[in-house]
1. Of the residues that sit in region 232-241 and are of a type outside the set (S, T, N, Q) and modelled with pLDDT under 90, which one is surrounded by the most Cβ atoms within 10 Å (Cβ to Cβ)?
2. Scan region 22-49 residue by residue and report those that are within 15 Å of ALA231 (Cβ to Cβ), out of contact with any Ser or Thr (no Cβ under 8 Å at 6 or more places or on another chain) and among the β-branched types (Val, Ile, Thr).
3. Only one of ALA179, ALA200 is touching a residue at least 40 places away in the same chain (Cβ under 8 Å) and of a type outside the set (Phe, Trp, Tyr). Can you tell me which?
4. How many residues are without any contact (Cβ under 8 Å) to a residue 24 or more places away in the chain, small (Gly, Ala, Ser) and open to solvent by 50 Å² or more (accessible area, probe 1.4 Å) if we restrict to region 103-116?
5. State all residues of region 76-102 that are farther than 11 Å from GLY44 by Cα and open to solvent by 20 Å² or more (accessible area, probe 1.4 Å); if no residue qualifies, say none.
6. Quick check on this structure: which one of LEU109, LEU153, LEU160 is more than 19 Å from ALA70 (Cβ to Cβ), modelled with pLDDT of 90 or more and outside any loop (DSSP other than H, G, I, E, B)?
7. Residue by residue through region 34-88, note down the ones that are under 22 Å from TYR148 (Cβ atoms) and not in a helix (DSSP H, G or I).
8. For region 243-253, indicate whether the set of residues that are over 15 Å from the mean Cα position of the chain (by Cα), of a type outside the set (S, T, N, Q) and open to solvent by 10 Å² or more (accessible area, probe 1.4 Å) is non-empty.
Amino acid sequence: MVLSSIDPALLLASLIVASTPILLAALGELVVERAGVLNLGVEGMMITGAICGFAMAVNTGSPFVGFVAAAVGGAILALLFALLTQLALANQVASGLALTLFGLGLSSLLGQGYVGIKPPPTTRLDLPVLSDLPFVGRVLFSHDLMVYVALALVALVWGLLKYTRAGLILRAVGENHEAAHALGYKVVRIRILAILFGGACAGLGGAYLSLVRVPQWTEGMTSGAGWIALALVVFASWKVGRVLLGAWLFGGVSVLQLNLQAAGVAIPVEYLSMSPYLITILVLVIMSADKSRAPGSLGRIFHASQ
């Protein structure tokens, strides 16, 4: 066992990369749930985004086009969920589970011709001076554009929910949709927009997996990342900052266990492989001990006639 072979700067930089897919998906789901909708289809939207982004990137040679296609693919699947739950008034839990199963099956069908193909590389940003800084440059300023897009989304969603009128309306709809409707707000429209945003974010997270994190297409490659994103939102008490910390925690433990395996630590590989899930859930349960409650209308069906 040679722990000295683990490079701390590389470990921290890899942590940020590993957390990005979960962070993107969880941010989107947080907005959806703050609007009072429970979408359990995050896994299905992520895997759909993964294959849509991969296929378009391979066919066009442009990772940027791939990410755009992934966002569109995730949003289209989210639109199906929105139509079922907001217009047809179907049960949100059942619709979300069906969406996940549909996404897994659709991605398997679409991805049959892409197994074993390498996507075009996603280039890293070259930030003059900053990228050359010792240690800090490698950790913070040597990533691809999507890492910084995810971090910018964290700030954007936090500012939107906390300081803007649009965020106040979104939170009002999530807390009490009857009262929001009585005040003249278009509850269904607001929720559909939130669902589409959540789907686009989940699609981006899936594409980041297939284009950057694991640059290849493999059936079922999300491996439960969507469910982790869902749990992250709940255990983070619907707070943006905690979602970021939880994603970093999961990414950090995931990278660390891979480094420990490579270093020859005398722990069975099965225990190391499941450690990111166990440790993340344990820490997030402790973080959520402040008893912050869920949005008041979460999961409840809104009847436009009421």
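The values are calculated or read from the model by the stated rules, or taken from the named source; none is laboratory data. Since the structure is predicted, the reported quantities are computational estimates derived from the model, not experimental observations. Because the Cβ atoms are built from the backbone with ideal geometry, glycine has one as well, and the counts that use them run over all protein chains shown. Note: areas computed on protein heavy atoms with side chains; ligands, DNA, RNA excluded. Shrake-Rupley method; radii C 1.70, N 1.55, O 1.52, S 1.80 Å.
1. Kept after step one, since they are of a type outside the set (S, T, N, Q), are these residues of region 232-241: 232-236, 238-241.
Among the residues that remain, those that are also modelled with pLDDT under 90 are: 232, 234-236.
Details: LEU232: 27, VAL234: 17, PHE235: 20, ALA236: 22.
Among those that are of a type outside the set (S, T, N, Q) and modelled with pLDDT under 90, it is LEU232.
2. Answer for region 22-49, where residues must be within 15 Å of ALA231 (Cβ to Cβ), out of contact with any Ser or Thr (no Cβ under 8 Å at 6 or more places or on another chain) and among the β-branched types (Val, Ile, Thr): ILE22, VAL32.
3. On the way: ALA179 fails: touching a residue at least 40 places away in the same chain (Cβ under 8 Å).
From the options ALA179, ALA200, the qualifying one is ALA200.
4. To start, the set of residues in region 103-116 that are without any contact (Cβ under 8 Å) to a residue 24 or more places away in the chain comprises 105, 109, 112-113.
Checking which are small (Gly, Ala, Ser) leaves us with 105, 113.
After this cut, where a residue has to be open to solvent by 50 Å² or more (accessible area, probe 1.4 Å) as well, the list is 113.
Qualifying residue count for the region: 1.
5. ILE76, LEU79, LEU80, LEU83, LEU84, LEU87, ALA88, LEU89, ALA90, ASN91, VAL93, ALA94
6. Working: LEU109 fails: more than 19 Å from ALA70 (Cβ to Cβ); LEU153 fails: more than 19 Å from ALA70 (Cβ to Cβ).
Matching residue, one of LEU109, LEU153, LEU160: LEU160.
7. Selection gives SER62 alone.
8. Of all residues in region 243-253, those over 15 Å from the mean Cα position of the chain (by Cα) come to 252-253.
After this cut, where a residue has to be of a type outside the set (S, T, N, Q) as well, the list is 252-253.
Narrowing further to those that are open to solvent by 10 Å² or more (accessible area, probe 1.4 Å): 252-253.
Yes - at least one qualifying residue is present in region 243-253.
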